[in-house]
Amino acid sequence: MELVEFTSGLLETGEVTVPAVLVEISADDLAETGRLLERFYLEDSLELAGTAPSLNIEASIRAAQYVFYAAHLIINRDAGEEEVRKRLVTPDATQTPSAMYSVDLVFRHLPALLNLAKGLAPSDILVTLIRDELKSWPLSAVGAGIAGDTNDTLLQHGSLRTLYTDRIIFYKEKTMASGPVLEQIKAVTGEYPGKFWPGFDNE
């Protein structure tokens with residue numbers, strides 16, 4: 001049950017253990033991981049302002065698989081490019097509020113893995129693939145230091161817009177503070193943006 005143990009550690013403490021050998025994930029492991037993510041969704045969604053998007057459990061499980069394999073490939077660097085591309089499959093292509101939030105339950109930890117991978121081998125294909133994947137998920141990309149296109153659907157959903165804006169302010173992501181996002185940051189910080197983001201009003 002490698003995936004559920006990995007995902008549990010990731011969600012609860014941020015500390016994970018990856019197997020020394022790349023493993024295939026069993027149906028039982030996927031099912032148990034799904035139940036874990038359902039419980040986590042119920043807890044995490046209570047922290048959102050407003051109404052949370054519904055859970056897309058399939059997308060959330062695939063996101064867990066993506067991060068599981070990414071962590072393994074970062075630590076065990078004997079896999080070729082073909083194997084890396086085979087394992088790192090995008091969790092969902094719909095970009096609905098449900099998909100964005102469901103993927104983010106796990107992908108919010110992906111920037112930390114990207115930064116680790118860049119520190120070990122900045123020109124590796126693994127770094128490129130993870131960075132490109134995060135560009136498709138701007139909510140989860142905050143903290144990775146990359147600029148992607150902010151999906152209109154993200155900004156139009158009240159609770160996700162608030163979550164996204166709060167993360168940008170917390171991480172002080174200059175690359176993401178532009179256009180409608182910048183206006184949202186100003187609306188949140190009011191007359192004293194420097195209190196929440198020192199130097200912001202001088203950017």
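Counting just the residues of segment 70-105 that are over 20 Å from GLU12 (Cβ atoms) and hydroxyl-bearing (Ser, Thr, Tyr), which one comes out modelled with the highest pLDDT?
So the residue we want is SER98.
Search segment 127-147 for residues that are free of Cβ contacts under 8 Å to residues at least 24 places away in the same chain and pair each with any residue that is assigned to a loop (DSSP other than H, G, I, E, B) and surrounded by fewer than 21 Cβ atoms within 10 Å (Cβ to Cβ) when their beta-carbon atoms are under 6 Å apart and the residues are at least 6 apart or on different chains.
Final answer for the pair search is ARG131/ILE146; LYS135/GLY148.
Is there a residue in segment 141-153 that is modelled with pLDDT of 90 or more, crowded, with 22+ Cβ neighbours inside 10 Å and in a helix (DSSP H, G or I)?
yes
Please tell me if ALA177 is under 15 Å from TYR66 (Cβ atoms), touching an Asp or Glu at 6+ places or on another chain (Cβ under 9 Å) and either surrounded by 16 or more Cβ atoms within 10 Å (Cβ to Cβ) or touching a residue at least 40 places away in the same chain (Cβ under 8 Å) (or both).
Considered against the rule, which asks whether it is under 15 Å from TYR66 (Cβ atoms), touching an Asp or Glu at 6+ places or on another chain (Cβ under 9 Å) and either surrounded by 16 or more Cβ atoms within 10 Å (Cβ to Cβ) or touching a residue at least 40 places away in the same chain (Cβ under 8 Å) (or both), ALA177 comes out as no.
Applying the selection to segment 5-41, what residues are assigned to a helix (DSSP H, G or I), loosely packed, with under 15 Cβ neighbours inside 10 Å and among the aliphatic types (A, V, I, L, M)?
Across segment 5-41, the qualifying residues are ALA27, ALA31.
For residues in segment 170-203 being under 25 Å from the mean Cα position of the chain (by Cα), hydroxyl-bearing (Ser, Thr, Tyr) and at pLDDT below 80, which is farthest from PRO111 (Cα to Cα)?
In this case the residue turns out to be THR189.
Of (1) out of contact with any Phe, Trp or Tyr (no Cβ under 8 Å at 6 or more places or on another chain); (2) without any contact (Cβ under 8 Å) to a residue 24 or more places away in the chain; (3) more than 21 Å from TYR164 (Cβ to Cβ), GLU43 satisfies all except one. Which?
(3)
Among the numbered conditions (1) without any contact (Cβ under 8 Å) to a residue 40 or more places away in the chain; (2) farther than 18 Å from GLY9 by Cβ, tell me where ASN56 comes up short.
Just one mismatch for ASN56, condition (1).
Restricting attention to segment 156-196, which residues are part of a helix (DSSP H, G or I), of a type in the set (D, E, K, R) and at positive phi?
none
One line per residue, one yes/no per condition, for (1) modelled with pLDDT of 90 or more; (2) more than 15 Å from LEU73 (Cβ to Cβ):
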| residue | (1), (2) |
| --- | --- |
| PHE107 | yes, yes |
| LEU110 | yes, no |
| LEU113 | yes, no |
| ALA117 | no, no |
| ALA121 | no, no |
| ILE125 | no, no |
| ARG131 | yes, no |
| LYS135 | yes, yes |
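The values are calculated or read from the model by the stated rules, or taken from the named source; none is laboratory data. Just so it is clear, the structure is predicted and the values come from calculations on it, not from any experiment. When we count neighbours, we look across all protein chains shown, and the Cβ atoms used for this are built from the backbone with ideal geometry, even at glycine.
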